[in-house]
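Taking it in order: structure first as structure tokens, then the write-up.
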């Protein structure tokens, strides 16, 4: 019984350590993720982490998820990406 309790305590401790490393987004461009949470359609910004310019093009929402279309202007190409998240979730 003591071994079971000790094993359970170790598993819980390791789980807590793992949870402390959770990021707020699955994307490394945190400045873009912040803008997706707070800015309106048509917003022009700069991704601090990469130096790329971006524009939030449009937003669509349902009862399940929120999606935003973003155009990103890199040095060599123009990219359009969609970011979606469930209520209370992370942008993906």
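The values are calculated or read from the model by the stated rules, or taken from the named source; none is laboratory data. Bear in mind that the values here come from a model prediction, so they are computed numbers and not experimental data. Cβ placement follows ideal geometry from the backbone for every residue including glycine, while neighbour counts extend to all protein chains displayed.
Quick check on residue 36: is it at pLDDT 85 or above, assigned to a helix (DSSP H, G or I) and under 14 Å from the mean Cα position of the chain (by Cα)? Reasoning before the result, please.
Working: at pLDDT 85 or above: yes; assigned to a helix (DSSP H, G or I): yes; under 14 Å from the mean Cα position of the chain (by Cα): yes.
In short, yes.
Could you list, in sequence order, all residues of the stretch 62-74 that are over 17 Å from the mean Cα position of the chain (by Cα) and either over 20 Å from residue 30 (Cα atoms) or assigned to a strand (DSSP E or B) (or both)? Spell out the reasoning first.
At the first step, the residues of the stretch 62-74 found to be over 17 Å from the mean Cα position of the chain (by Cα) are 62-63, 73-74.
Once the filter is applied, which keeps residues that are over 17 Å from the mean Cα position of the chain (by Cα) and either over 20 Å from residue 30 (Cα atoms) or assigned to a strand (DSSP E or B) (or both), the stretch 62-74 yields 62, 63, 73.
Could you tell me which residue of the stretch 39-61 is surrounded by the most Cβ atoms within 10 Å (Cβ to Cβ), considering only residues that are touching a helix residue (DSSP H, G or I) at 6+ places or on another chain (Cβ under 7 Å) and in a loop (DSSP other than H, G, I, E, B)?
Filtering first and then ranking leaves 47.
Out of the residues in the stretch 75-84 that are in a strand (DSSP E or B) and without any contact (Cβ under 8 Å) to a residue 24 or more places away in the chain, which is farthest from the chain's Cα centre (by Cα)?
Looking only at the stretch 75-84, we keep the residues that are in a strand (DSSP E or B), and these are 78-84.
When the remaining residues are screened for being without any contact (Cβ under 8 Å) to a residue 24 or more places away in the chain, the result is 78-82, 84.
On the way: 78: 21, 79: 18, 80: 17, 81: 13, 82: 12, 84: 9 Å.
Among residues in the stretch 75-84 that are in a strand (DSSP E or B) and without any contact (Cβ under 8 Å) to a residue 24 or more places away in the chain, the one farthest from the chain's Cα centre (by Cα) is 78.
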